[in-house]
Amino acid sequence: MANPVFSRSEAFNRPPKPAGYGYPQPGYGYPQQGYGQPQPGFGYPQPGQAPYGQPGAPMGYEQPQPQRVGGVMTLDDVLAKTAISLLIVFAVAAAAFMVVPAELAIPVAIGSSLAALAAAFIVGMRAKISPVGLAVYAILEGVFIGGISKVFETFYPGIVMSAVLATFVTAGATLAAYKFFNIRVTGKFRKMVTIATMAFAGVMLVNFVLAMLGINTGLREVGSGAGLLSIGVSVLAVCLAVFNLVIDFDFVERGIEAQAPASESWRAAFGITVTMVWLYVEILRILSYFQQD
C-alpha cells in the first residue's frame, strides 16, 4: 500500500499475473485421468472440443470469458476522469484566487484545507467512489489551492504560474519515466514509501498544531529567508510526492490488468488528484525559496 485511496480496493492490489496465466495447469481445475473417469476417445470429447457436436476452441486456447457487466476500467477512462477532477480543482481555484481578498486568504486556505482533508477521508474510505463525492472533494481542494496560491502570489508575484507549470512538467516527466524506463514497483519500495509518507504526515500534523499555538519549529518556513531545515523538508516532500505518483501509476496499471470495474476509474482519478495537489503545494513552497522578499 501507499496511497490509502487505492488500498481500499482489491482490484488495485492483486499481484501481477504469472507467466502462462489463463492456461490450465495439471491438477488445477481439471481432474486427473484414472479409474472410473471418462477417457478421451470413448465417446467423450477430445481436449479443445465442445460436447454434443457444438463448435469448440482450437487446441491450446481457452474459451472466451464473458464480459463483466458494466464494462471494465481502461486507461482512457482513467485519463478522462482524472482530467475532469483536475479541471474542477483548477476552475474553483481560479475563482477563489480572484474572489477571495488577500487579507482573508490565509483563513480561507486553512479552513478549506481541513474540510478537504475530512472529505478525502470520507470519500476515500468508501467501498465505491462516487462522482459526486469526488466533485465535493475537488471543490474544497480548489478553494484551498486558490487561497494558498493567493497568499504566495501576494508576496511573490508570478510564482503561481511557475508552480502550475512545474507541477504538470514534473507529473509528465514522472509518467514518461515510468513507462519508457519500465519502472517496476516492488513490495519493498511501496512499503518504504508508505512508511515515509505516514511519518511525514504525522510530523506535519504536529507542526501545524504547534504553529497554531504560536510555536515556530522552523520546518515549514517560506521565502528566501528559510533555513536549510525548511528547504530539506520541502525537497523531501516533493520526492515523496513523486514516489507516490509512481505508485499511483502502478496501482492504475494493476487495476487495468485485473479488469477492474469501470466505476473504479473514479477511484484512480481521486487518488491521482490527491497526489497532484500535494505535489503542487510543495513545489509552490520550494519556488518561494528562490524569490526576492
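The values are calculated or read from the model by the stated rules, or taken from the named source; none is laboratory data. Predicted model only: the values in this text are computed from it and were never measured. Here Cβ is always computed from backbone atoms with ideal geometry, including for glycine, and neighbour counts include all displayed protein chains. Protein only, heavy atoms only, side chains kept; ligands, DNA and RNA dropped before computing areas. Shrake-Rupley method; radii C 1.70, N 1.55, O 1.52, S 1.80 Å.
Residue-wise test of (1) modelled with pLDDT of 90 or more; (2) open to solvent by 40 Å² or more (accessible area, probe 1.4 Å); (3) more than 18 Å from Thr273 (Cα to Cα); (4) of a type in the set (Gly, Ala, Ser).
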site	(1), (2), (3), (4)
Tyr61	no, yes, yes, no
Asp77	yes, yes, no, no
Leu87	yes, yes, no, no
Ala96	yes, no, yes, yes
Ile110	yes, yes, yes, no
Leu117	yes, yes, no, no
Arg126	no, yes, no, no
Gly133	yes, no, no, yes
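Only one of (1) of a type outside the set (Val, Ile, Thr); (2) in contact (Cβ under 8 Å) with a residue 12 or more places away in the chain; (3) within 20 Å of Leu114 (Cβ to Cβ) fails for Phe243. Which number is that?
It fails just one condition, (3).
Mind checking which residues of the stretch 183-242 are in a loop (DSSP other than H, G, I, E, B) and among the charged types (D, E, K, R)?
Arg184, Arg220, Glu221, listed by residue number.
Looking at Val160, Val169, which is the one that is modelled with pLDDT of 95 or more and exposed (fewer than 15 other Cβ atoms within 10 Å of the Cβ)?
Checking each option against the conditions leaves just Val169.
So is Val143 at pLDDT 95 or above, touching an Asp or Glu at 6+ places or on another chain (Cβ under 9 Å) and surrounded by 20 or more Cβ atoms within 10 Å (Cβ to Cβ) or not?
Here the answer is no, as Val143 does not meet what is asked.
If I ask for residues that are open to solvent by less than 60 Å² (accessible area, probe 1.4 Å) and over 19 Å from the mean Cα position of the chain (by Cα), which ones from the stretch 200-220 would you list?
The answer is Gly202, Met204, Asn207, Leu210, Ala211, Thr217, Gly218, Leu219, Arg220.
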